[in-house]
């Protein structure tokens, strides 16, 4: 169950309260997020939409512990991440978050297999155990036959699949997607959206996705709109070809 | 360990650049080894000089002789265990450019004084039996392609005329720094044939019971011959050799300055390569951090990569240098030996490691402090 | 079509850090290169300057240097009577019989003993060697234990200043004059009376080692030599003085050159690698520009030249910096043991214009090598790939 009024009394997987984020641009102060609230439960699939520069990516970064808010709190599975030190935050991130970017961000000098294995290098798993996890993840995204290919040998859609495999290989608490289909053609985009949908339906993953694409957004369970620094629910946003 | 494939994969990112940087390290270490070898050549004589051997020279001038009669009188001095003598002959083989250190030596005491030289017993005996015999060091023999039994013509320079010797023996050193270029023939032969100044030697070499007695015996010898027509100046072989090194000038200073210039340049080159490489990959480092790699881990990855340039480069450079020095003296015989010792090789390796770390530290720190959000935005 | 140099200038400015490094690398190599050569040059020049083309040195047959030789008084007389010997205005034959020995003297700075060449001469020595004169004090008197010392000896050794008492050969000698030979080997020598020197060292009184003869003209050498060597009483070597000293410099000069060359060669490899790195990264950073330029119709030739120019420019700057850095050592005096004469020789580093030119040429070479391959890569860049990165 997704809420944005901040009135929920605990129990949510992700709980955000009074989140502020302010940037300095020259002499100006830009308040990107102001008193934002959010509750997300396990298994929810949320899409964030909004005009460019509205701070969607900023929100995602904060949720993933990539950035610190100016004020407010973020609690994930009981952990208050806004007060964590850099090192602890990194460990937390490795364990709990899976990122999927618009530009895939695969390491070009590593094969698909090695890219997916990367997060596992931070664990204490043995080489054989790592292999099992990687092969499973690649099977889920249906790319087992290409595991020894380099990114440059894969199409855009395939690269994104590898990125998704990398994001799920550690079995994270939730997935953060930033415009996952932004760089893909229609057919590949559909494929990726199917995959993400499958992750939610079949594997019970919690997914938070930022997107411009209304067709992507409508796959989500809930669409939230980022306006004036806070989130609002928007039932019709997907249908009426939302604002970009 | 587990990150090794990742680090190695990064090296192959831009093969040309990797090759060039490793090559720079190799070149710098080769140079270091070369300088160390040159340094050893000049100072090595001191290291191998006998600690318990004294050299007795004419006090007024090093090139003046001493009477042969001093032999028995020196032997009488307490704590003198053993004695030998020699005369500098000079001389040249075929051409002035072929410099060979030729000496007339005392056949009785010479061999047991210089135990660092190995001569097969039967060769030494053949030499002693043949008045016109000679024993030559391995380097010189190899250089001119002589074999045992050859009759070698030497043109005298100090003692004029044509002198011929039969090669009766070849000596080898027992340590890498031993001088194997020398040419010895019999003192009696020289004394017989020369026209003036018979019955003199160039210098005496005295073995003392123990190195502690050096100063005492030296003083005793000099006192014995004080106020005579041929006064002596006696000192340990080591200090004599050291004196020569001092005269060759401040070689060490020159070497150290060159070495520093080189090291500095090397650091700049590798440092800039690392920096370039890291800058190009800010996006990737950001991604690693999003995956949960801590700042410290990222820093170590960068440092490790820097060492992956340094270590292979150092190994290649040092190995090539060792092979080069094994070819012998590049100046064609002017140096007594040309040897790169293992200690200096190790020092070079450690230096390379330090340079690798120094070159990589700033890029590593930059990668460590990279702010993920900004880096991702730059991508 | 030639590419505007503005591209290069901008590129250099943007990549100023790695460019600076390449420049410094090349500067370092050029500096050491010129330094090594000027050390060898200085050493050699000191010795060569010691000789005069109109002088000949006569030694015993078979000897390679003065110290190895021996000439008797009778032989001196024969030499004096040989045609070709110049006579002074009073009709005195200008021939200087000399004794050459080595003495140990303590150095001023460290107190360590070094070998100094001592030359026993007569009053005529200065007439035979015109380039040498007394810079301070006076010449020694015959038969008296007085010496004149070369200017370097006065600087470097204890008790060798004007008025001091030097001690060698078991005797005390008063320093009454300082020689100036214009930076040649004689500045590192001590001169005294030949007969007294022989006596001091228990040598036969009239046994000399060599005779330096002033010829009536440099061309007289051959005739003079013929005249002497055809005489059965004389087994002698006759050599032009200049050649003699050049020979004496060969061992050390060869050593410096060979070892120096090795050092510089290796350094150059490192510097070229640095330049290559810089240039390759320049090419990589300018993919788009190159693609654009090529799609506009500029051929490979223009691109190659453009990059080569940039590389050469960087190298030449490095060369200039290196040359400037090394200039101060010109005239720096060092001293070393000349193995051939077995005595110390002080010499000055000589940085000459032609050495600097060689240094610049070397820089140019490194610039070309460092720029050629990157330039070719830039020219061969498949335009399509480059444009894709836009």
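Observations on the model:
- Top-ranked residue of the range A:40-64 - restricted to ones that are in contact with a strand residue (DSSP E or B) (Cβ under 7 Å, 6 or more places away or on another chain) and either within 13 Å of chain B (Cβ to nearest Cβ) or farther than 28 Å from residue A:216 by Cβ (or both), ranked as surrounded by the most Cβ atoms within 10 Å (Cβ to Cβ): A:59
- The sole residue among C:111, C:120, C:61 that is within 24 Å of residue C:249 (Cβ to Cβ), surrounded by fewer than 17 Cβ atoms within 10 Å (Cβ to Cβ) and within 14 Å of chain B (Cβ to nearest Cβ) is C:61.
- Selected residue (only one of C:71, C:79 is in contact (Cβ under 8 Å) with a residue 40 or more places away in the chain, farther than 22 Å from residue B:97 by Cα and within 14 Å of another protein chain (Cβ to nearest Cβ)): C:71
- Counted as qualifying within the range B:180-271 are the helices (runs of 4 or more DSSP H) with 3 or more residues that are not assigned by TED's automatic domain parsing to the domain that holds residue B:134, namely B:237-247.
- One residue from C:51, C:25 being assigned to a loop (DSSP other than H, G, I, E, B) and either within 30 Å of residue B:266 (Cβ to Cβ) or in contact with a helix residue (DSSP H, G or I) (Cβ under 9 Å, 6 or more places away or on another chain) (or both): C:51
- The set of residues from the range B:141-167 being touching a residue at least 60 places away in the same chain (Cβ under 8 Å) and buried (at least 17 other Cβ atoms within 10 Å of the Cβ) comprises B:143, B:154, B:155, B:156, B:157, B:158, B:159, B:163.
- Residues of the range A:80-102 satisfying the condition of being more than 10 Å from chain B (Cβ to nearest Cβ), in a helix (DSSP H, G or I) and farther than 20 Å from residue B:376 by Cβ: A:83
- Among the residues listed as C:235, C:278, the single one being touching a helix residue (DSSP H, G or I) at 6+ places or on another chain (Cβ under 8 Å) and within 10 Å of chain B (Cβ to nearest Cβ): C:278
- Applying the criterion of at least 3 residues that are surrounded by fewer than 21 Cβ atoms within 10 Å (Cβ to Cβ), more than 13 Å from chain C (Cβ to nearest Cβ) and without any contact (Cβ under 8 Å) to a residue 40 or more places away in the chain to the helices (runs of 4 or more DSSP H) found wholly in the range B:1-76 leaves B:4-11.
- Checked against the criterion of being touching a strand residue (DSSP E or B) at 6+ places or on another chain (Cβ under 9 Å), closer than 21 Å to residue C:39 by Cβ, surrounded by fewer than 23 Cβ atoms within 10 Å (Cβ to Cβ) and more than 10 Å from chain B (Cβ to nearest Cβ), the range C:311-330 has at least one qualifying residue.
- Checked against (1) at pLDDT 90 or above; (2) within 14 Å of chain C (Cβ to nearest Cβ); (3) out of contact with any strand residue (DSSP E or B) (no Cβ under 8 Å at 6 or more places or on another chain), residue B:96 passes all but condition (1).
- Residue among C:169, C:182 that alone is surrounded by 18 or more Cβ atoms within 10 Å (Cβ to Cβ), in the same structural domain as residue C:121 (by TED's automatic domain parsing) and modelled with pLDDT under 90: C:169
- Only one entry in C:326, C:320, C:351 is within 30 Å of residue C:189 (Cα to Cα), touching a residue at least 24 places away in the same chain (Cβ under 8 Å) and assigned to a helix (DSSP H, G or I), namely C:326.
- The residues on offer are B:312, B:363, and the sole one that is modelled with pLDDT of 90 or more and either more than 30 Å from residue B:99 (Cβ to Cβ) or not assigned by TED's automatic domain parsing to the domain that holds residue B:27 (or both) is B:312.
- Candidate set from the range A:196-219 (those that are touching a helix residue (DSSP H, G or I) at 6+ places or on another chain (Cβ under 6 Å) and not in a loop (DSSP other than H, G, I, E, B)); member that is farthest from residue A:93 (Cα to Cα): A:216
- Neighbours by Cβ (under 6 Å, 6+ apart or cross-chain): first from the range B:348-375, within 14 Å of chain A (Cβ to nearest Cβ); second surrounded by fewer than 20 Cβ atoms within 10 Å (Cβ to Cβ) and outside any helix (DSSP H, G or I): B:373/A:67
- Residue list for the range C:80-103, restricted to those being under 28 Å from residue C:201 (Cα atoms), part of a strand (DSSP E or B) and out of contact with any helix residue (DSSP H, G or I) (no Cβ under 8 Å at 6 or more places or on another chain): C:103
- For residue A:193, the conditions (1) within 11 Å of the chain's Cα centre (by Cα); (2) more than 16 Å from residue A:106 (Cα to Cα) are fulfilled apart from (1).
- Residue within the range A:9-25 that is within 18 Å of residue A:231 (Cα to Cα), modelled with pLDDT under 85, outside any strand (DSSP E or B) and touching a strand residue (DSSP E or B) at 6+ places or on another chain (Cβ under 6 Å) present: yes
- Just one of the numbered conditions (1) touching a residue at least 40 places away in the same chain (Cβ under 8 Å); (2) within 14 Å of chain B (Cβ to nearest Cβ) is not true of residue A:130: (1).
The values are calculated or read from the model by the stated rules, or taken from the named source; none is laboratory data. Keep in mind the model is a prediction, meaning the values are calculated, not measured. Neighbour counts run over all protein chains shown; Cβ positions are idealised from the backbone, glycine included.
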